[in-house]
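Colleague: Sharing a structure, written as structure tokens. Questions coming.
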Amino acid sequence: MKLSVIIPVYNEAKTIAELIKRVKAVALQKEIILVDDGSDDETFAIAKQFEGDDFIAVQHPTNQGKGAAIRTALQYVKGDLVIIQDGDLETEPQDYIHLVQPIIEGKAKVVYGSRNLNPTSGNRYWLYDFGGRFISLWTNFLYQQNITDEAACYKVFKTEILKSIPLTYNRFEFCPEVTARISKLGITIHELPMHYYPRSFSEGKKMKWTDGLKAFWVLLKLRFAN
Ligand SMILES: Nc1nc2c(ncn2[C@@H]2O[C@H](COP(=O)(O)OP(=O)(O)OP(=O)(O)O)[C@@H](O)[C@H]2O)c(=O)[nH]1
Ligand SMILES: [Mg+2]
């Protein structure tokens, strides 16, 4: 099975070269699709240098958001499975190898990484940690899932499933939207531990606490509407 790694990225010039090297080093059959989302820094120029058979980098002329970048990337996907990879160094791409296993073995259709199932995960800002756990409980309550980390970046899908659901939100609402729509298909989300090395705002973190409020609302809204 071939894995398509989608990297939606915005202003990550400091980390993107190292991240691409780490992703390329993962010993799986794969292709990498990077979408630069109108960065103001050198991210796209750096990414372009890695282009080759297994790697393409495309660019949005203006910043549209993570969800919009993932939608653009999906048009290029040719693999059987898709994983979302952030453009920073907070995660460990070698985790792909165990995250894809339940799908390859036919035991799951969707697998999420969980920072909370990994006791060695680094410490996050408490508000983000608490907010993330709360959003996971909210997901379980609304959608009868049993997950611990709804907002984790590593989400693996069978390509046909991800392509079959509408993705309508442009920004960080991608996570709650995809969780809600997958759940509404009756699919159980399988979770496995993932590594996490959190960065600070001064190191480039971009999510705001208000993105947590948006996630709360999107999960509620999509439970009852389309
Ligand atoms: N395409 C796109 N990606 C973005 C945008 N803003 C942030 N990103 C990317 O989204 C990813 C996640 O952003 P972060 O700020 O690191 O969020 P995070 O710290 O991983 O979030 P938590 O740890 O879950 O709180 C990074 O790879 C960013 O480059 C954007 O406007 N467009
Ligand atoms: Mg991050």
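The values are calculated or read from the model by the stated rules, or taken from the named source; none is laboratory data. Note that the coordinates shown come from a computational prediction; the quantities given were computed from them, not determined experimentally. Neighbour counts run over all protein chains shown; Cβ positions are idealised from the backbone, glycine included. Accessible surface areas use protein heavy atoms only, side chains included; no ligands, DNA or RNA. Shrake-Rupley method; radii C 1.70, N 1.55, O 1.52, S 1.80 Å.
Colleague: Which residues, counting only those in the range 194-224, are open to solvent by 40 Å² or more (accessible area, probe 1.4 Å), within 22 Å of Asn146 (Cα to Cα) and more than 14 Å from ligand 2 (Cβ to nearest atom)?
Modeller: Leu213, Lys214, Phe216, Trp217, Leu220, Lys221, Arg223, Phe224
Colleague: Identify all residues within the range 117-143 that are free of Cβ contacts under 8 Å to residues at least 60 places away in the same chain and closer than 15 Å to Ile189 by Cα; write none if there are none.
Modeller: Ser136, Leu137, Asn140, Phe141 - these are the residues of the range 117-143 that are free of Cβ contacts under 8 Å to residues at least 60 places away in the same chain and closer than 15 Å to Ile189 by Cα.
Colleague: Related question: Only residues in the range 194-216 that are closer than 14 Å to Asp129 by Cβ count as the first member; pair them with residues that are part of a helix (DSSP H, G or I), Cβ under 7 angstrom, at least 6 apart or cross-chain, and list the lot.
Modeller: Trp209/Leu127; Trp209/Gly131; Gly212/Gly131; Gly212/Ile135
Colleague: So which residues in the range 136-164 are within 16 Å of the chain's Cα centre (by Cα) and either over 20 Å from Arg115 (Cα atoms) or hydrophobic (A, V, I, L, M, F, W, C) (or both), if there are any at all?
Modeller: Within the range 136-164, Ile147, Ala151, Ala152, Cys153, Val156, Phe157, Lys158, Thr159, Ile161, Leu162, Lys163 qualify.
So that you can scan it fast, the table gives a plain yes or no per residue for (1) under 16 Å from Gly204 (Cα atoms); (2) within 14 Å of ligand 1 (Cβ to nearest atom); (3) touching a Pro at 6+ places or on another chain (Cβ under 9 Å); (4) open to solvent by less than 20 Å² (accessible area, probe 1.4 Å):
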| residue | (1), (2), (3), (4) |
| --- | --- |
| Ile6 | no, yes, no, yes |
| Asp37 | yes, yes, yes, yes |
| Phe44 | no, yes, no, no |
| Lys48 | no, no, no, no |
| Gln64 | no, yes, no, no |
| Gln94 | no, no, no, no |
| His98 | no, no, yes, no |
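Colleague: Residue pairs, Cβ under 7 Å, 6 or more apart or interchain, first in the range 178-190 and closer than 22 Å to His98 by Cα, second of a type in the set (D, E, K, R) and open to solvent by less than 10 Å² (accessible area, probe 1.4 Å). List them.
Modeller: Within 7 Å, the pairs are Val178/Lys155; Thr179/Glu150.
Colleague: Which of the helices (runs of 4 or more DSSP H) contained wholly in the range 100-193 include at least 1 residues that are open to solvent by less than 50 Å² (accessible area, probe 1.4 Å) and aromatic (Phe, Trp, Tyr)?
Modeller: 126-143, 174-184
Colleague: Just for the range 53-107: of the residues that are away from ligand 2 (no atom under 16 Å from the Cβ) and charged (D, E, K, R), which one is farthest from Ala151 (Cα to Cα)?
Modeller: So, considering only residues that are away from ligand 2 (no atom under 16 Å from the Cβ) and charged (D, E, K, R), the one farthest from Ala151 (Cα to Cα) is Asp53.
Colleague: Applying the selection to the range 57-82, what residues are in a loop (DSSP other than H, G, I, E, B) and charged (D, E, K, R)?
Modeller: Once the filter is applied, which keeps residues that are in a loop (DSSP other than H, G, I, E, B) and charged (D, E, K, R), the range 57-82 yields Lys78, Asp80.
Colleague: Tell me which residues, restricted to the range 124-165, are of a type in the set (A, V, I, L, M, F, W, C), within 28 Å of Ile104 (Cβ to Cβ) and away from ligand 2 (no atom under 16 Å from the Cβ).
Modeller: Of everything in the range 124-165, those that are of a type in the set (A, V, I, L, M, F, W, C), within 28 Å of Ile104 (Cβ to Cβ) and away from ligand 2 (no atom under 16 Å from the Cβ) turn out to be Ile147, Val156, Phe157, Ile161, Leu162, Ile165.
Colleague: Residues that are closer than 18 Å to Ile97 by Cβ, open to solvent by less than 10 Å² (accessible area, probe 1.4 Å), assigned to a helix (DSSP H, G or I) and not hydroxyl-bearing (Ser, Thr, Tyr): does the range 22-34 have at least one?
Modeller: yes
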